[in-house]
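Computed from the coordinates by the stated procedures, all read-outs in this text should not be read as laboratory data. Since this is a predicted model, take the numbers as computed values, not measurements. Ideal geometry is used to build each Cβ from the backbone, glycine not excepted, and the neighbour counts take in all protein chains shown.
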């Protein structure tokens, strides 16, 4: 493992670019040492939902912390490392009362993908991150109510309506 953050003050979800052309990322660490992980929109949505699920199951016994609920903004300096996410896993460290996110690199040739970063977050930090990730994902193009595909600014011809229904932007 290359980066292990047992205490984080930076845990952010973000995107760059215009809707339809956005790149999504996770920033995690401390102002002195942090990483940026490039993810797909679906991976970010899945992580947000997984954190909510782990919080509802594991952390109900945990003391709800108010300490560590705020994370600082992403530093202006460049990250210590950047990589694309291959897969991720979420767990709960009962001893430390922290959610743990394991971020694996995107090396498809290696069946045992290396964990490139492990992030430990308090329940409050995980809730804030989940909320932020959901907002970032929702800020893009609206989904079509029939097929779920994105509605472009010029409109959308839905394949489920056999080309007879057009949804305005």
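Multiplying the residue separation of residue 152 and residue 102 by 0.36 nm and removing their Cα-Cα distance gives an extension gain of 14.6 nm.
Highest mean packing first, where packing is the average number of other Cβ atoms within 10 Å per residue, the peptides 97-106, 44-53 line up as 97-106, 44-53.
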